[in-house]
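The values are calculated or read from the model by the stated rules, or taken from the named source; none is laboratory data. Because the structure is predicted, anything quoted here is derived from the model rather than measured. All Cβ positions, glycine included, derive from the backbone under ideal geometry; neighbour counts span all protein chains shown. Side chains are part of the model used for accessible areas, which takes the heavy atoms of the whole protein and leaves out ligands, DNA and RNA. Shrake-Rupley method; radii C 1.70, N 1.55, O 1.52, S 1.80 Å.
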Amino acid sequence: GTHENHYHHIMGLDYERALGFAAAGGVILGLSTTFYLAMIGRVTGISGTFKKAWLQSTFQASPDPLHLIFFGGLLCGGAIMRFTEAGWFEQGGYNTGLMVVSGLLVGFGTTLGSGCTSGHGLCGLARFSKRSLAAVCTFFSTAVFIASSLWPIMRSAWQPSEHPVDSISNVRDLHYLSIGLGCTCTVFGLLKMAKEEKQSVLAGCVALACSIGFACGLCISGMVRPTKVHSFLALNKHWDPSLAFVLGGGLAVNILAWPIIMKWRKPILCQKVVGVFIHQLGQEEKDNIIFIITHRWF
């Protein structure tokens with residue numbers, strides 16, 4: 001019928017374009033994580049960033065402005081992509097309660113697994129970490145088994161290969177909330193860095209740029225579309241392998257760059273020549289630029 005013809009159309013020319021977007025998004029994710037490591041010396045772990053931002057905002061952990069800035073940048077980046085091109089997002093046809101419970105389970109799961117597809121996948125595999133390899137194999141195989149088994153009772157109201165005209169999310173209040181919260185976290189983090197004079201505001205700006213880039217990569221790759229993620233994990237006649245190109249694109253960048261970066265004694269913002277340059281700027285505008293950087297290089 002109509003749905004079947006639409007499915008074959010999606011799996012034809014449109015699907016080839018989807019593979020390109022998935023790979024391009026993965027490359028952007030790889031560049032964001034590589035730039036973050038090279039400039040600041042930190043591994044991009046999204047689940048860890050969310051957890052630490054939450055612990056800091058609820059006064060359960062000592063403040064680390066970079067986590068707040070990165071968290072804020074992710075929210076701002078997603079909101080910017082939504083306002084510039086709403087087609088990156090979708091309602092998905094899932095029950096709201098199911099989506100809430102699923103989000104909570106993802107949070108608990110990534111906490112128990114000490115990482116997600118960013119920390120273990122893009123970054124851990126690029127470092128040839130055996131622990132990350134074991135983690136990636138475990139959570140992917142488990143997710144595939146659960147998604148495939150529960151597909152009949154938990155699938156979307158419309159097939160993953162479909163994209164109805166009215167499927168784009170129009171909940172504007174949530175987008176305004178996202179950009180408002182993102183800007184709040186970002187500004188608070190930058191002000192705290194400047195006030196404490198322990199970290200460079202420049203490092204905060206780098207973290208903001210990397211997080212916005214990461215959010216854009218997620219949107220372009222299709223990772224923010226729940227039906228696309230679900231159809232990748234559930235093995236059936238509607239299986240969509242395009243998201244494998246996201247991990248492939250990101251790893252293609254990181255595997256080439258990370259071994260070189262990890263041999264450096266310090267990240268770029270901790271290099272002496274950069275410190276001297278920022279110090280000279282600080283002499284002229286010391287109220288605006290803080291040049292002391294105290295990140296540990298691992």
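Given a Förster radius of 25 Å and the C-beta distance between residue 141 and residue 263 as r, what FRET efficiency does 1/(1 + (r/R0)^6) yield to the nearest 0.05?
Between residue 141 and residue 263 the formula returns 0.15.
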For a paramagnetic label modelled at 7 Å from the Cα of residue 17 toward its Cβ, which residues of segment 198-224 fall within the zone defined by backbone nitrogen distances under 13 Å? none
With 10 Å bins from 0: P(r) over segment 18-131, alpha-carbon pairs, percent: 12, 34, 42, 12, 0
With a point put 7 Å past each Cα toward its Cβ, work out how far residue 105 is from residue 191 in nm, to one decimal. 4.0 nm
From the convex hull of the Cα coordinates of segment 69-133, what is the mean projected area in square nanometres? 6.2 nm²
Amide H contacts under 5 Å for residue 42, restricted to residues at least 5 apart in sequence or on another chain and with H modeled in the peptide plane, are 37
Roughly speaking, to the nearest percent, how much of segment 32-110's 1.4 Å accessible area is carbon and sulfur? 71 percent
